[in-house]
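Report on the following structure.
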Amino acid sequence: MTPTAIRGALAAIALGMAAPAVAQGTFQTLDPSYGGETARRGFYGGFAISGEAAYRDADLLDRVEPGAPAPSDLSLSARLDYALLPQVDLALVADLTGAAQNGRMGLSWVVVKPYWHNEGTDYAIRVAVDPVSEGGLGFRQTDVAFLSQTALAPSVTSDLSLGIRRLRTGYSDPVLSELDVDEAGEPIVPDSRLNVGTTGLVRSRIVGQSIRGAWGYNVLFDPAGSRVAFGLMAEATDYTILQARGADGATDDLSEDAEESSDRVRSAVGWMRMGVEFSRPYYQLAPFVSVPVFTWADVQGEPVRHGPRIEKLRVGLRLTLR
């Protein structure tokens, strides 16, 4: 597998395993779904503002390509929830990690969630789209999930979420010549305005889907609704990476003679998540920790398997003002 294909494959796997996580490789994404997500509205007025900080080893598979930018271990995000209708919420999720590193902040998700209540159970349909457009292909990512929360006892509830995500995205990478390295052996990224130091252009497109689910219990311990939460999350992904490499020379156009190739990436991961949510009328404070209990991936016939790994745990804190 070529270095560019490896980077694309790792990006696809990281996209499927983020919860929340930053993708490895060429592009980044934030995933606010399935981790602690419930069918109930978590605020009482017209809107709520949340901020979340998490620290984890972003390289879950230990397979970052040598010379590629290291994924950030720190994840920062902000979320605005708005009561669009009496039983419909609208949310905007922004990735603050890029703003902290290079001053650039991007809107990661637009979320719409209608919900209803029936016989002691809350239900919701959550539709989330990555607002980045891929031209005629529509949005880069679309995630649709069914959520429910059932009251099992006055102080015990159960959460369930099942969803499917569709990914269609692409990017371009210059192919560096073998001479473009520094004294330490690291690749030198050329100035694109000079069109030097490259031997061609590789365009990659990742197309695929993932099935995701989460299940857990909540134990309420005060009249304000504070709770201790325990849950399990699982994800299974199947992506195809399509690549086309243009002729020699740094050009933005791929000729009809471009070399084309494709690779298939399959992966699965399971997480155990524990957290505490302290609720008060005007705010919520929620620390949490997640541990991967199994990891499996197949990149062009190269298997990666791991059992529980404490060193890859994720810790985070969410603050909500409502």
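The values are calculated or read from the model by the stated rules, or taken from the named source; none is laboratory data. Bear in mind the structure is a predicted one, so any value in this text is a computation, not a measurement. We place every Cβ from the backbone using ideal geometry, glycine too, and count neighbours over all the protein chains shown. To get the accessible areas, we keep the full protein, side chains included, count just its heavy atoms, and leave off ligands, DNA and RNA. Shrake-Rupley method; radii C 1.70, N 1.55, O 1.52, S 1.80 Å.
So how do TRP109, TRP215 rank on accessible area, 1.4 Å probe, biggest first, that is with the largest at the start?
Details: TRP109 0, TRP215 110 Å².
Largest to smallest exposure gives the sequence TRP215, TRP109.
What figure, in Å² to the nearest 10, do you get for the accessible area of ASP159 with a 1.4 Å probe and non-protein molecules left out?
20 Å²
Would you tally the net charge around ALA151, using a Cβ to Cβ cut-off of less than 13 Å, leaving ALA151 out, and scoring K and R as +1, D and E as -1?
-1
Mind ordering 293-299, 265-271 by average Cβ neighbours within 10 Å, highest first?
Top of the packing list down: 265-271, 293-299.
Treat each spin label as a single point 7 Å out from the Cα along the C-beta direction, and report the ASN118 to ALA53 distance in nm.
4.3 nm
Solvent-accessible area of THR240, probe 1.4 Å, all protein chains present, reported in Å² to the nearest ten, please.
Roughly 50 Å² of THR240 is accessible to a 1.4 Å probe.
I'd like the accessible area for GLU52, computed on protein heavy atoms only with a 1.4 Å probe and all protein chains in place. Round to 10 Å², please.
Ignoring ligands and nucleic acids, GLU52 comes out at about 40 Å².
Where does each of HIS117, HIS306 land when they are ordered by accessible area, with a 1.4 Å probe and the largest first?
Sorted descending by solvent-accessible area, the residues read HIS117, HIS306.
Summarise the accessible area of the range 272-322 (1.4 Å probe, protein heavy atoms) by the percent that is carbon and sulfur.
Percent of accessible area from carbon and sulfur atoms in the range 272-322: 70.
Can you list residues from other chains, or at least 5 along the same chain, whose modelled amide H is less than 5 Å from the amide H of VAL293?
Amide H neighbours of VAL293, under 5 Å, 5+ apart: GLY270, TRP271, MET272.
Ordering GLU302, GLU119 by how much accessible area each has at a 1.4 Å probe, largest first, what is the list?
GLU119, GLU302
Among residues other than THR320 whose Cβ falls under 14 Å from its Cβ, what is the net charge (Lys/Arg +1, Asp/Glu -1)?
My count for the surroundings of THR320 gives +2.
Once phi is turned into ³J(HN,Hα) by the Karplus curve 6.51 cos²θ - 1.76 cosθ + 1.60 with θ = phi - 60°, what whole-Hz value does each residue of the range 302-315 show in order, with x for glycine and proline?
Taking θ as phi minus 60°, the curve returns 9, x, 10, 9, 9, x, x, 9, 5, 5, 9, 5, 10, 10 Hz for the range 302-315.
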